[in-house]
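The values are calculated or read from the model by the stated rules, or taken from the named source; none is laboratory data. These numbers come from a predicted model, not from an experiment. Please note: Cβ atoms are built from the backbone with ideal geometry, for glycine as well, and neighbour counts cover all protein chains shown. To get the accessible areas, we keep the full protein, side chains included, count just its heavy atoms, and leave off ligands, DNA and RNA. Shrake-Rupley method; radii C 1.70, N 1.55, O 1.52, S 1.80 Å.
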Amino acid sequence: MSDNKPIFQPNREFAKEARVKNMCEYHALQNEAMEDYEGFWSRYAKEKLDWIEPFTTTLDESNAPFYRWFDGGKLNVSVQCIDRHLSSRKNKAAIIFEGDRGDKQIITYLELYYQVNKFANLLKENFGVQKGDRVVIYMPMIPEAAYAMLACARIGAIHSIVFGGFSAEALKDRIEDAKAKVVITADGAYRKAKPYMLKDVVDKALESGSTVVEKVLIVERNNEEIAWVAGRDYSYNELIKDKSPICQPEPMDSEDPLFLLYTSGSTGKPKGVQHNSAGYILWAQMTMEWVFDVKENDTYWCTADIGWITGHTYIVYGPLAMGATTIMFEGVITFPDAGRPWKMVEEYKINQFYTAPTAIRVLHKTGENEPKKYDISSLKVLGTVGEPIDPPAWKWYYEEVGGSRCAIVDTYWQTETGGHVVSPLPGATPIKPACATMPLPGIIAEILDENGQKVPAGEKGLMCITRPWPSMIRGVWGDDERFKKSYFGDVKKEGQAVYFTGDGAIYDEDGYITITGRTDDVINVSGHRMGTAEVEAAIKKHTKVAEVAVVGKPHEIKGEGIFAYIVMKGEDSFAQEVELIKEINNIIKDEIGNIALCDDIVFVPGLPKTRSGKIMRRILRAIAKNEPITQDTSTLEDPSVVEKIESIVKSCMI
Ligand code: WT7
């Protein structure tokens, strides 16, 4: 093979029982989709989903790119995830919760049904939440967060989860954009055996009065002292007591919205990615079955947070839709030590484990020999997601965690794709380290050049999906133009605008796809998307900052770190710089949250700009990486600024 990557065949014993057993079966499925695209999807939608009313149209492309799937159909996502399992799985564990301090709770499907119904009744009766209302969920990783999501789905409210690490300002922006009338939060949670607080962040987000939030619901978790605003704040634990455990599910149209999830783009303002009901839940379920191949008695664990799309699709919706047992973990995987995940694998006999490269790197670096200390032989499938995984981390994961026996599924997807789009199938696809391999059956993913032509093997191109698929993003909340421009503005194939992911990718000689990373001004920090413009907008709030440019720089653990070049107003001494860095980081904490803190901040006399004023980020990226500058600098407004920046950065790095 030309790229010299070793290839690993699927485990034969595993393949015998797998849903897709070999590449012939994979190709047969992919061909079925190619030959009769709508027939393929209609078959699965009928087979997999519990419809209240059957759909009449499979795909409506008449108002592209506002595609519609399964029109005419009615269903309820909470029924798909809960009610339909009650006849055969009522006593099966739906969610196994492990708290930060090792406390445990097992929630059966029947218990989940009652909890979700009560929660749904609370939202309706106490808060008047109706179909189509937006509910913001700002919660730790506790079972009530999943109940809240499913309760919204049951009554047709649209949830918008905001990751608990976001600041008050970031939370406020998201609440405002969605015009949410209810916020669900907790009195706190535990992290590394210490309480951490969420409610005060909500209070701060709402204090300016600029939102339309009427009610805040607070779930008790750690009983820390919190402030209560009379008439606005209510205790979940009090209100839930007298609620009926039965709540009729709202019949939802296939294209009624299920949730919003804000994600970073290349402008300063995050966008509310909208997912709708039928298409999303169908693909969440199908990918759970195909990619993780979870069996009836398996226990599945995804370490993500519900604040990200991975937590939505692969902790809550996907596993529950297929009737699996899903682990929900409140804590930090390296606490109390880097053996924690393997201890949990041993204890719960976990069969599928899904995490991010950044976590694999930390576990590898800080606990290389930890897997050996536990019996982790129950593992069958190991997953990774969020960023390209580097070969050393892959090798350790494959050999030490997977015992060279487990399939590694390097799943490539995004908030916008709803579920996996390019990934190996564990019983079928021969895998190569750090390679997402092939599009899943039904997904027409192609690497194209700017003219919409397929790129030859070995050449970098743009990762596109050239036909609409059921779980694709349906819109950017309140901004149709941005939706079209962000995803359908760059690449046309045969005259038709196609979905561009924003990622670069490359085919190898075998037609395998390797993702090379973002091609836009988005940085991938620990598998999370961070828009450079967002970080820049925060830094610019400092009154002494004249100009700023932010770029990504490779980081040992995080994948990419954030590197900021700042031009100050007026002269400053070194002593002031130290103070300034602190102030700037505090602003970032307030505006976005700790996840956006800069790894490097350097003060420079100017930024490299073209005569028309465009910042040449490529030059700044090269300097941050300590790489030679290959670009012609003579067209810059002031070419000498490049040398000055280089020497400043070099002196900072010593
Ligand atoms: C971006 C999406 C998808 C859930 C987590 C992040 C990168 C994702 C892979 C992978 C290489 C990957 C892409 C993508 N990405 N999975 N297996 N290999 N890169 O969701 O915040 O929407 O970020 O993560 O750059 O566009 P997200």
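Calculated accessible area for the chain comes out at 39 Å² per residue, all protein chains present (probe 1.4 Å; ligands, DNA, RNA ignored).
The value of relative contact order for segment 278-427, using C-alpha pairs under 8 Å at least six residues apart, is 24 percent.
Suppose the chain between Asp71 and Lys544 were pulled fully straight at 0.36 nm per residue; how much longer would it get relative to their current alpha carbon spacing? All intermediate terms of the calculation are to be shown ahead of the outcome.
Working: separation 473, 0.36 × 473 = 170.28 nm, distance 5.43 nm.
Value of the extension gain: 164.8 nm.
On the protein heavy atoms, probe 1.4 angstrom, tell me the percent of accessible surface of segment 479-541 carried by carbon and sulfur. Here it works out to 42 percent.
Straight-line cross-link partners of Lys553 among the lysines, defined as a Cα under 16 Å from its Cα and at least 8 positions apart when in the same chain: Lys625, Lys650.
Charges on Cβ only, +1 for Lys and Arg, -1 for Asp and Glu, centred on the Cα centroid of segment 521-653; of Ile562, Cys652, Val604, which one is farthest towards the dipole's positive end? Among Ile562, Cys652, Val604, the one farthest towards the positive end of the dipole of segment 521-653 is Ile562. Each principal axis of the Cα atoms in segment 521-653 has its own extent, and those three values, largest first, are 39, 33, 29 angstrom.
Which FRET efficiency value, to the nearest 0.05, is calculated for Glu450 and Lys179 with the Förster distance at 25 angstrom and r the Cβ-Cβ distance?
Details: r = 38 Å, r/R0 = 1.51.
Efficiency, rounded to the nearest 0.05: 0.10.
Farthest towards the positive end of the charge dipole of segment 461-550, among the residues Phe483, Thr543, Gly517, is the Cα of Thr543, using unit charges on the Cβ of Lys, Arg, Asp and Glu. Charges were assigned to the Cβ only: +1 to each Lys and Arg, -1 to each Asp and Glu. The resulting dipole of the chain about its Cα centre is roughly 640 debye. The GluC sites (Glu not before Pro) found in segment 508-580 that occupy coil by DSSP, while having at most 14 further C-beta atoms within 10 Å, are Glu509, Glu556, Glu571. Cross-link check: pairs Lys192/Lys343; Lys48/Lys349; Lys21/Lys48; Lys5/Lys349 evaluated at a Cα-Cα cut-off of 26 Å; pairs beyond the cut-off: Lys48/Lys349; Lys5/Lys349. May I ask you to list the aspartates and glutamates whose Cα is less than 12 Å away from that of Lys179, ignoring any residue fewer than eight positions away on the same chain? The reachable aspartates and glutamates, counting only those whose Cα sits under 12 Å from Lys179, are Asp133, Glu214. Only the Cβ atoms of Lys and Arg (+1) and of Asp and Glu (-1) were treated as charged; on that basis the dipole of segment 53-137 about its Cα centre amounts to roughly 280 debye.
Peptides 298-308, 332-342, ordered by how many other C-beta atoms sit within 10 Å of their residues on average, highest first, read 298-308, 332-342.
In segment 521-653, Cα pairs under 8 Å separated by at least six residues give a relative contact order of 22 percent.
One decimal place: the segment Lys192-Lys349 gains 54.2 nm when fully extended, by the rule 0.36 nm per residue minus the C-alpha distance. In a fully extended conformation the segment linking Lys614 and Ser87 would gain 183.5 nm over its present Cα-Cα distance, using 0.36 nm per residue.
Taking 7 Å steps out from each Cα toward its Cβ at Glu32 and Lys589 produces label points 5.5 nm apart. When the Cα atoms of the chain are aligned to their principal axes, the ranges along those axes come out at 73, 66, 58 Å in descending order.
Only Lys, Arg, Asp and Glu count, each charged at its Cβ (+1, +1, -1, -1), so figure out the dipole size of segment 521-653 about its Cα centre, rounded to 20 debye.
Working: 18 positive and 21 negative charges, 59 e Å.
Dipole size: approximately 280 debye.
Taking a quarter of the surface of the convex hull around the Cα atoms of segment 415-574, what do you get in nm²? Numbers along the way, then the final one.
Values: hull surface 51.4 nm².
Value for segment 415-574: 12.8 nm².
Using the structure shown, list the pairs from Lys90/Lys131; Lys271/Lys484; Lys104/Lys215; Lys172/Lys204; Lys194/Lys558; Lys569/Lys609 with a Cα-Cα distance above 20 Å, or answer none.
Those over the limit are Lys90/Lys131; Lys104/Lys215; Lys194/Lys558.
Of the GluC sites (Glu not before Pro) found in segment 297-400, the ones in coil according to DSSP and having at most 12 other Cβ atoms within 10 Å of their Cβ are Glu368. When the alpha-carbon atoms of segment 368-508 are used, the pair Rg, Dmax equals 17.5, 58 angstrom.
Which trypsin sites (Lys or Arg not before Pro) in segment 515-581 sit in a loop by DSSP (not H, G, I, E or B) and have at most 14 other Cβ atoms within 10 Å of their own Cβ? Here the sparse-neighbourhood loop sites are Lys541, Lys544, Lys569.
Given contacts defined as C-alpha pairs under 8 Å and at least six residues apart, what's the relative contact order of the chain, whole-number percent?
On the way: 1413 pairs, mean separation 85.1, N = 654.
13 percent.
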